[in-house]
1. Only residues that are in a loop (DSSP other than H, G, I, E, B) and either away from chain B (no Cβ under 14 Å) or in contact (Cβ under 8 Å) with a residue 24 or more places away in the chain (or both): list them for the range A:304-320, please.
2. Find the residue count for the range B:45-64, including only residues that are among the hydrophobic types (A, V, I, L, M, F, W, C) and within 7 Å of ligand 1 (Cβ to nearest atom).
3. What about A:Leu104, is it out of contact with any Ser or Thr (no Cβ under 7 Å at 6 or more places or on another chain) and either in contact (Cβ under 8 Å) with a residue 40 or more places away in the chain or within 14 Å of chain B (Cβ to nearest Cβ) (or both)?
4. I need every pair where a residue in the range B:190-215 that is more than 16 Å from ligand 2 (Cβ to nearest atom) and of a type outside the set (Asp, Glu) has its Cβ under 7 Å from the Cβ of a residue that is modelled with pLDDT under 90 and part of a loop (DSSP other than H, G, I, E, B), sequence separation at least 6 or different chains.
5. Can you tell me how many residues in the range A:79-109 are open to solvent by 10 Å² or more (accessible area, probe 1.4 Å) and under 17 Å from A:Val140 (Cβ atoms)?
6. I'm trying to understand the selection: among the residues of the range B:26-44, which are open to solvent by 30 Å² or more (accessible area, probe 1.4 Å) and more than 13 Å from ligand 2 (Cβ to nearest atom)?
7. Please find, among B:Gly67, B:Gly42, the residue that is within 16 Å of ligand 1 (Cβ to nearest atom), over 17 Å from the mean Cα position of the chain (by Cα) and part of a strand (DSSP E or B).
8. Going by the structure shown, is B:Val87 within 14 Å of chain A (Cβ to nearest Cβ), away from ligand 1 (no atom under 16 Å from the Cβ) and under 30 Å from B:Val141 (Cβ atoms)?
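The values are calculated or read from the model by the stated rules, or taken from the named source; none is laboratory data. In this text, all values refer to a predicted model and were calculated from it rather than measured experimentally. No Cβ is skipped: glycine too gets one built from the backbone with ideal geometry, and neighbour counts run over all protein chains shown. Protein only, heavy atoms only, side chains kept; ligands, DNA and RNA dropped before computing areas. Shrake-Rupley method; radii C 1.70, N 1.55, O 1.52, S 1.80 Å.
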Amino acid sequence: MRREGSPFQGTSTVFVKELADHISSVRMLMLQLLIVFTALAALYEAINSLRQNTAEDPFLLLRLFTIDQAPLPSFVAILGFLIPLMAIGLGFDAVNGEHNRRTLSRILAQPIYRDALLMGKFLAALATIGISLAALWLLVIGLGLIFLGVPPGGEEVARSLVFLVVAIFYAGVWLSLAMLLSTVFRSAATAALVSLGVWLFLTILWPMLAPALAQVVAPPDPRYALLGLNDPATAVWAQELLRLSPNDLFEEAMLAVLSPTTRSLGPVFLDQLRGAVMGAPLPFGESVMLAWPQTVGLVAGTIVLFAFSYVLFQRQEVRA
Amino acid sequence: MNEQTQTMTSPVIHARGLTRRYGDTAVVDGIDLDIVRGEVFGLLGPNGAGKTTTILMMLGLTEISSGEISMLGFNPAREPLKVKRRVGYLPDAVGFYDQLTAAENLAYTGKLMGLARAERAGRIEQALRRVGLIDVASKRVATFSRGMRQRLGLAEIIMKRAEIAILDEPTSGLDPQATQEFLGLIGELKAEGITVLLSSHMLDQVQRICDRVALFKAGHIVLVGAVPELAIKVLGAGFVVEVEAEGLGIARRLAMIPGVTHVETLSADRFRMTAERDVRADAARAVVAVDGALRRLSVDEPSLEAIYARYFQDQPAGGVRHAA
Ligand SMILES: Nc1ncnc2c1ncn2[C@@H]1O[C@H](COP(=O)(O)OP(=O)(O)O)[C@@H](O)[C@H]1O
Ligand SMILES: [Mg+2]
């Protein structure tokens, strides 16, 4: 049975309204302030350390993103931590909010499909995050220009733009998750709590649990331990388990793109390094190829989670 | 829609065996409905009887388990956009975006309806004027009372220029004055030829404005028809006339009037007659005929409440009828 008309009729209307809501909301302002101040602190430290360390670096601008000065993590690490918070903040009441305000049945009685509402909301939240990240990106480039006094090279700009795109995909995963939970739970508070729980689990607990789990799944061969080495089988397992967390995928992709000397992600095997000049940067294209699987992983995660919320939302009763 | 082929009597809402099951329980169980253009039709019944579920099926907003329904000739399950373009819906306890103004809320749904910008502005103003909200058009809905929200919901239907307006419990939670105002607005819709389907569990409030009603009970329609018809069917009479008069043998005289089914003597000079029609004129003549002194003559409209109470009381008791 084919449905009449386009399932996306009305998407742009929903998009524009939701975008305006987000941009003018106090919630968004708070999230943005949080991110800007934390990022500024990280950038301040980064600039300080880069100014002292004047050794010539062809990728000075990129160092701004990745350098970490204890106790502050790097700019990228901070974003890896805060982007999920922002996405959750924009998505946790997307669907249940309409239920609870009792607007859902009134909106769905207009000549649109549910697809348009869900899609419009998703795209609007993603665009809001995109705008914030783009503003942050400009901030980094601007601060680099002012305080480091070096104009960014073409490749640096290209790499930092890839960073921007991957960061948006990364936000997409968390946004889909938050929207899925907003469809599952009728209470926005529950959806927010569960989203935040998943976020804390994946960012803080999972990096500790994954290696432990790997030890169980593939117990290291004691002969490696005698030589003071890690069993590669265990290391691979740990790596793959870690990759179940979007944070890890984001960090790996960023490592490949923003640190051009990165030649491989994950446990390094000697044959991968054969012929490699240690410390020499990879060409842009190859760095992107290195980050490709992780990026695809993020996009796939977004699509799968979104598809779940789509199916759930289609079958959900409209009445409150 | 072809106006010529849509005669006044062809139903705009047509349902046969319409059923909605949740698991094993049928909350709407095989209902048949035919609602004609321009009529005000009431779905009445207690909470949980299945009124809202029926309405949601009409709009394609919940699945139909079996049976069929056609809205203005379209199947809401297969052509929901066509139905939703022509049918306005005011949900039970309607909500709006509180941070937006009344006009902005309407602008959003107006866009979703596909109205062009210029057209939209005109229609919003017109609709807000009709429901008396034009002065608060640029106020946030957060400040609106329940009655104002209901009227804003009605403005949305007016803006849509809907052929059918479906109002779910439109007067519940309103104070008596707001209820009267709202019923007045529904009357205006009817005057424009819009078909109105409204649901309510407050029978007395809506019986005046409904041309016909369907009484729901546990997913079934147990009675359909105009209120006076139902009164005759259930109460054995549509009208209750009270006579206050002095004279000999008045009660006997009154009982002889054709159409009168029962005369009750309330006191020496007060009588209550139940009749199939308005028998006031005959009652007056009867009093005069026995040289009585007529002091008061009053008629009660048949009350849905009474019909409803009687019908459901009587069902288990096996249809014992008492005089009203
Ligand atoms: N999603 C659902 N699952 C199971 N039962 C439901 C669901 N929604 C409504 N019902 C039941 O359907 C019945 C009819 O509800 P409804 O149509 O809202 O009645 P009304 O509008 O007449 O008060 C109620 O008994 C209600 O409990
Ligand atoms: Mg209801």
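1. Here is the first cut: in the range A:304-320, the ones in a loop (DSSP other than H, G, I, E, B) are A:316-320.
Listed by number, the residues that qualify are A:Gln316, A:Val318, A:Arg319, A:Ala320.
2. Applying the first criterion (among the hydrophobic types (A, V, I, L, M, F, W, C)) to the range B:45-64 yields B:49, B:55-59, B:61, B:64.
Checking the rest, the ones that are also within 7 Å of ligand 1 (Cβ to nearest atom) come to B:49.
Summing the residues that are among the hydrophobic types (A, V, I, L, M, F, W, C) and within 7 Å of ligand 1 (Cβ to nearest atom) in the range B:45-64 gives 1.
3. Details: out of contact with any Ser or Thr (no Cβ under 7 Å at 6 or more places or on another chain): yes; either in contact (Cβ under 8 Å) with a residue 40 or more places away in the chain or within 14 Å of chain B (Cβ to nearest Cβ) (or both): yes.
Here the answer is yes, as A:Leu104 does meet what is asked.
4. Sorted first by the residue in the range B:190-215, then by its partner, the pairs are B:Arg212/B:Ala226.
5. Final tally of qualifying residues: 2.
6. B:Ala26, B:Asp29, B:Gly30, B:Asp32, B:Asp34, B:Val36, B:Arg37
7. Details: B:Gly42 fails: over 17 Å from the mean Cα position of the chain (by Cα).
Only one candidate passes the filter, namely B:Gly67.
8. On the way: within 14 Å of chain A (Cβ to nearest Cβ): yes; away from ligand 1 (no atom under 16 Å from the Cβ): yes; under 30 Å from B:Val141 (Cβ atoms): yes.
For B:Val87, the condition - within 14 Å of chain A (Cβ to nearest Cβ), away from ligand 1 (no atom under 16 Å from the Cβ) and under 30 Å from B:Val141 (Cβ atoms) - is met.
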